[in-house]
């Protein structure tokens, strides 16, 4: 029954004024509203790479590693147990040459795992606080630290837009952005400039 003064809503392939049509309208309206809110939140996001904590800005640009050094160590131990167990079984059956090959294999794999583990925690950390931009770079377990005054630091591409980002000031230079995709480096550089201007 159609209420007086309220025209029925007509939808293609849907009965007018029915429960199904009202449900369809509500569900699609909520989806559009959710998309609009998400897009608005994304557009209003001030920083893409940085996080803010305690009034300070932090950037963590870490190497993308799917396996941690601890997980890699456990994997290597389990590999040693299995490989040496099989080699020992063949040893007692008279196949003496299996054991040396097993040890050689484990030595090569161990060296490869060690090299990987040394660089698994490589990364760059930047912190903007108290008028200072602090840059910490970790490479193969060694950490280097540089500090720049916010007013004097310059943010420029080292060679071209997608190359490493050069931070320079007070006679020092460091290059950052090794662990993010080249096409994202211009975005990071613009974000750093904006943070330095508005901090």
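Bear in mind that the values in this text are calculations on the coordinates, not laboratory data. Fair warning: this is a prediction, and the values are worked out from it, not measured in the lab. So basically every Cβ, Gly included, is an ideal-geometry build from the backbone, and we count neighbours across all protein chains shown.
Net length available on complete extension from residue 147 to residue 81 is 19.0 nm, with 0.36 nm assigned per residue and the Cα-Cα distance removed. Taking square-rooted eigenvalues a ≥ b ≥ c of the alpha carbon gyration tensor, is the stretch 69-119 rounded, prolate or oblate, where a/c under 1.5 means rounded and, failing that, a/b exceeding b/c means prolate? Oblate, because a/c is 1.5 or more while a/b does not exceed b/c.
Judged by the ratio a/c of the largest to the smallest principal axis of the C-alpha gyration tensor, the stretch 48-140 counts as prolate, that ratio being 1.5 or greater while a/b is larger than b/c. Each Cα pair of the stretch 41-199 feeds into the Kirkwood radius, which the Stokes-Einstein equation turns, at 10 °C and 1.306 mPa s, into a diffusion coefficient of 84 µm²/s. Using C-alpha pairs below 8 Å separated by at least 6 residues, the relative contact order for the stretch 55-139 is 44 percent. Taking the square roots of five times each eigenvalue of the Cα gyration tensor of the stretch 87-143, the equivalent ellipsoid has semi-axes of 49, 7, 5 Å, listed largest first. Kindly list the residues of the stretch 106-140 that lie in the label zone of residue 71, defined by a backbone N under 18 Å from the point 7 Å along the Cα-to-C-beta vector. Residues 113-123 qualify, since their backbone N sits under 18 Å from the label point. Computed as a quarter of the hull surface, the mean projected area of the alpha carbon convex hull for the stretch 140-199 stands at 4.6 nm².
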